[in-house]
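Asker: Below is the structure I would like to discuss, written out as structure tokens.
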Amino acid sequence: METPRSGIRFVRNENTTYFHSYKITAVRNAFLRLPMFPFFFLATPRRRRLALLLALFLIVAGTAAWFLRPPGAPPDDAFASYVREPVPVSLAAAEMGVLHRDLHAVGTVTPLLRIAIRSQVDGELTQVHFQEGQQVARGQLLAEIDERSYRVRLASAEGRVQNIRAQWENAAADLRRYQQLAKQDSIAEQRLDTARAQEQHYAAQLSHAQAQVDEARLQLSHTRIVAPVTGRIGLRGIDAGNYIRADSTQSLATLVQTAPTSVLFTIPETRLSALREALAAADGAGLQVQAWDADNQRVLAQGTLQVLDNRIDSRSGTLQLRAHFDNQTEVLFPNQFVNVRLALTRTAEVLTIPSAAVQQGEDGAYVYVVGDDKRAARRLLTVGAASAGRVSVQAGLQPAERVVLEGIDRLEDGRDVLVVEQQS
């Protein structure tokens, strides 16, 4: 077999044609042996030109056949059937209602109280009385620390108080006797002053000792850790049997107040004037706030706007607000993201339709109206304010008329429709 000058030899078999070079690597050699390697890239420049010319000829021939077909030739039966069949649509009725002017934002459920439960005394954690995630009441016992050393300190302080009280009572009795003798000029004035100072000295010691008793009793009470507020407790951070310290930063658990709760959210500074006007119009009644789920499909809770921050964040140009919710059912969970709708104003009864039904054309806004004949009619509208997925209609529609909500892309004026869904 003859080898060409290029250093490439061709091997022909019944499947395809391969070429092998003496200078290519083993990896490329293995790749070129794949049976599906295109013959087009193996061909000579002349063959490539012939293949391109053939493809160009086929494209030109097909295009010419299409444009040179007889005029008025009927379309394909399947295409004609597709054009004539009714278009499936869903409808929505125009209805009278109140249109809210809302501010939309994304907020975070933030507990009004979040408390890290830590020990205020040192000692061994002997018992834990709560379950992780449990709802606890204010004053409920959560944990106990070994109290024996603190009872000893309390007993010692109380003994010191009794000792000093006895000394004070004796000094007070001496003072009374000296005062009686002083009235009779039976003792020197200096002796009376000494008795008075002695009584005051023991009285001061007694007060100091009593304070130590109170301190010891307070330390003893701290061995019983109770819930400061009603709420839900989190995961346990320290197990029973560990020695804990008052200065430790590790908490026993975290307690959050779940009812009531709040939602923090921000609005652009450009909407601040509208918000303040709405607050002034509310005359202290508060503005209604709704918390919606992540999909904006369901209202989770309703509350009222309570707090506006005292400054605008210069970095983001937003103002932070806080709304309060009763949340007795705990539908709002701490740190949950919710969609917030803040109602600024409410209009009078106006005719509204879903915003998705309104289309924009060269001559303005329009909708497709479906009558009893099940045909779509294109009608121009004059629309007004929009909020919460609905838009007010000032002219062009009457109450209870049905407009197309879905399936608009295939419609034209006078086209038959097939109603598959009627939305209320």
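The values are calculated or read from the model by the stated rules, or taken from the named source; none is laboratory data. This one's a predicted model, so the numbers in the text were calculated from it and none came from an experiment. We place every Cβ from the backbone using ideal geometry, glycine too, and count neighbours over all the protein chains shown.
Rundown of residues vs (1) modelled with pLDDT of 85 or more; (2) crowded, with 19+ Cβ neighbours inside 10 Å; (3) out of contact with any helix residue (DSSP H, G or I) (no Cβ under 7 Å at 6 or more places or on another chain), yes/no style:
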site: Q297; (1), (2), (3): yes, no, yes
site: T304; (1), (2), (3): yes, no, yes
site: F333; (1), (2), (3): yes, no, yes
site: V338; (1), (2), (3): yes, yes, yes
site: R346; (1), (2), (3): no, no, yes
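Asker: Is it the case that V213 is closer than 19 Å to D122 by Cα, modelled with pLDDT of 90 or more, in the same structural domain as A166 (by TED's automatic domain parsing) and under 60 Å from the mean Cα position of the chain (by Cα)?
Answerer: Numbers: closer than 19 Å to D122 by Cα: yes; modelled with pLDDT of 90 or more: yes; in the same structural domain as A166 (by TED's automatic domain parsing): yes; under 60 Å from the mean Cα position of the chain (by Cα): yes.
Judged against the criteria, V213 is a match.
Asker: Just wondering, is there one or more residues in the range 166-184 that are assigned to a loop (DSSP other than H, G, I, E, B) and surrounded by fewer than 14 Cβ atoms within 10 Å (Cβ to Cβ)? Let's see the steps before the verdict.
Answerer: Taking the range 166-184 and keeping what is assigned to a loop (DSSP other than H, G, I, E, B), we get 184.
In the following step, the residues that additionally are surrounded by fewer than 14 Cβ atoms within 10 Å (Cβ to Cβ) were identified as 184.
Yes, there is a match, as at least one residue in the range 166-184 is assigned to a loop (DSSP other than H, G, I, E, B) and surrounded by fewer than 14 Cβ atoms within 10 Å (Cβ to Cβ).
Asker: Now a separate question. Consider L272 carefully, then state whether it is closer than 15 Å to G107 by Cβ, assigned by TED's automatic domain parsing to the domain that holds P334 and not acidic (D, E). Give the steps one after another, and end with the answer.
Answerer: Values: closer than 15 Å to G107 by Cβ: no; assigned by TED's automatic domain parsing to the domain that holds P334: yes; not acidic (D, E): yes.
Criteria not met by L272.
Asker: Exactly one of (1) in contact (Cβ under 8 Å) with a residue 12 or more places away in the chain; (2) in contact with a strand residue (DSSP E or B) (Cβ under 9 Å, 6 or more places away or on another chain); (3) surrounded by fewer than 20 Cβ atoms within 10 Å (Cβ to Cβ) is unmet by T329. Its number?
Answerer: So T329 meets the others, but not (1).
Asker: Take A400 and decide whether it is assigned to a strand (DSSP E or B), of a type in the set (G, A, S) and farther than 26 Å from V106 by Cβ.
Answerer: Working: assigned to a strand (DSSP E or B): no; of a type in the set (G, A, S): yes; farther than 26 Å from V106 by Cβ: yes.
It is false that A400 is assigned to a strand (DSSP E or B), of a type in the set (G, A, S) and farther than 26 Å from V106 by Cβ.
Asker: Quick check on this structure: which one of I225, I267, I238 is surrounded by 19 or more Cβ atoms within 10 Å (Cβ to Cβ) and assigned to a loop (DSSP other than H, G, I, E, B)?
Answerer: Values: I225 fails: assigned to a loop (DSSP other than H, G, I, E, B); I267 fails: assigned to a loop (DSSP other than H, G, I, E, B).
None of the others qualify; the one that does is I238.
Asker: Could you list all residues from the range 366-400 that are in contact with a Lys or Arg (Cβ under 9 Å, 6 or more places away or on another chain) and surrounded by 12 or more Cβ atoms within 10 Å (Cβ to Cβ)?
Answerer: Step one: list which residues in the range 366-400 are in contact with a Lys or Arg (Cβ under 9 Å, 6 or more places away or on another chain), which gives 366-371, 375-376, 385, 387-388, 396-397.
Those that are in contact with a Lys or Arg (Cβ under 9 Å, 6 or more places away or on another chain) and surrounded by 12 or more Cβ atoms within 10 Å (Cβ to Cβ): Y366, V367, Y368, V369, V370, R375, A376, A385, S387, A388, G396, L397.
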